[in-house]
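Worksheet: one structure, shown below.
FYI, it's all coordinate maths here, none of it is from the lab. Since this is a predicted model, take the numbers as computed values, not measurements. All Cβ positions, glycine included, derive from the backbone under ideal geometry; neighbour counts span all protein chains shown.
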Amino acid sequence: MDGKVKYYEGCGQEGPIRCIFLCEFHPTAGPKITCQVPENYISKDIFDTVSHYIIPKVQLQRCTLTVTLLGSKILGFPVRIDNKKYARNAYYFNLCFVCDAWARTVHLEPLVKKLTEYLLSMELETEWLSKQSLSGEAKALGGVMRQVMQDINSRRMCTLTVGTTTTHLTVVRVNSDPTPVKDHQVPVFLYSRQSFVADQWDLTTNQILPYIDGFNHVSKIAALTDVEISLVRACIQNLVYYGVVTLVPIFQYCAVYSATPKLRQLTRCAGLQRQCVEFCARSPRQHPKVSDIFRMYAGMSYGSTIRDLCRRMKPQDLAINERKLVLFGILEGLIRRVYKFPITLHNDDTASILSDHSQPLVRTYNGLVCLDELCCQSGLTALQIEEQLERDSNVVFIVK
């Protein structure tokens, strides 16, 4: 890690495993550390402070627990084995990983659980843990801990073999939660919809999948499927998390787009050209020319709407589907949407727009809500909202 950077809890950065220790419940001494690597990393004073969380009550057994104190984060998965052969008729243990307090540890939780299950199976078969504890000699366990810590820190994977049993540990990157899905956003599949089977998803997700076409926004999908909009948002957020769909802006002819530097790739990359021609074709039997597609993308600029561009270049005569042209450009980063945000000049004043239901929507605009979002709230087109707000001298638009 960079020594000049100041890390903090919640920064989202991963850190190395600093220590691994095994804690057991001794029949007379209570919770105690049987083995730790490196030795004495967790002092007795620190352990005594959190021991009731490391060996917790029955209700917290077989749960992933994380305790943060004094610059360290302790991650464990406590287990209890009920058997009359043990003192007090039960054997309690918890294998814990220790990281820096600021470190993100969610990706280590499956490893702690899997390694604990591995040790549990060996204890049930050969009493591998309890015998080392009774003998006071835990060299074998210490070797396992050292190998896990070194391999996970250096290679993010580890293969453990103890006797005739083997287990494989691999750190799997856990993505952060996606940003909340908004009603005006449009989900579009990143892969063919036919490649997904119904058994992969819950009933609600299966209900909305047929309506995800790259053009229906969240509010419209909720209306078409008669599903509560909060459930639709949650399902689509889940699909975004797993990389099944991404979110794009609503297509409107009054919308403005701008070409990006990546558009140059369309003149150089034959694979991109082929994909673009097939995707943007108005008919499978007649493909447009790459030069015509490029000219349409290059014609997208500030102040020029898609309607203006279509009137000027007549995409229907060029065998180009302008809706798919825009969608492909957004997905590949060849163009970007230029949004308009209304803002009220004086915070004490409000502006109103007449909704599709003839009910005025009165609010103060802070420059954070774009016209697309207002369209979903009011049921009006962006052009209708813009015309109404332009009559109010207290409202201006930010374009970005």
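Summary of computed values
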| quantity | calculated |
| --- | --- |
| Length gained when the stretch Leu368-Ser393 is fully extended (0.36 nm per residue, less Cα-Cα span) | 7.1 nm |
| Rounded FRET efficiency, nearest 0.05, which uses the C-beta distance separating Arg336 from Arg268 and R0 of 25 Å | 0.80 |
| Gain in span if fully extended, Asp45 to Ala87, counting 0.36 nm per residue against the direct Cα distance | 12.5 nm |
| Where a label projected 7 Å from the Cα of Arg285 along Cα→Cβ would reach, residues of region 294-320 with amide N under 16 Å | 319-320 |
| Amide H contacts under 5 Å for Val245, placed H, 5+ residues apart | Leu190, Val240 |
| Total charge dipole magnitude, region 186-248, about the Cα centre, Cβ charges on Lys, Arg, Asp, Glu only, Debye to nearest 20 | 180 debye |
| Electrostatic dipole magnitude of the chain [Cβ: Lys, Arg +1; Asp, Glu -1; Cα centre; debye, to 20] | 1180 debye |
| Additional length obtainable on full extension of the chain from Tyr241 to Arg80, 0.36 nm per residue less Cα span | 54.5 nm |
| Assigned charges on the beta-carbon of Lys, Arg, Asp, Glu; region 256-338 dipole about Cα centre (debye) | 40 debye |
| Helix axis angle, 270-280 relative to the chain longest principal axis, alpha carbon, degrees | 60 degrees |
| Which of Asp372, Asp213, Asp317, Asp292 has the fewest Cβ neighbours within 10 Å, and the rest in rising order | Asp317, Asp213, Asp292, Asp372 |
| Over 24 Å between alpha carbons, listed pairs Lys84/Lys139; Lys220/Lys314; Lys32/Lys85; Lys57/Lys139; Lys32/Lys113 | Lys84/Lys139; Lys220/Lys314; Lys57/Lys139 |
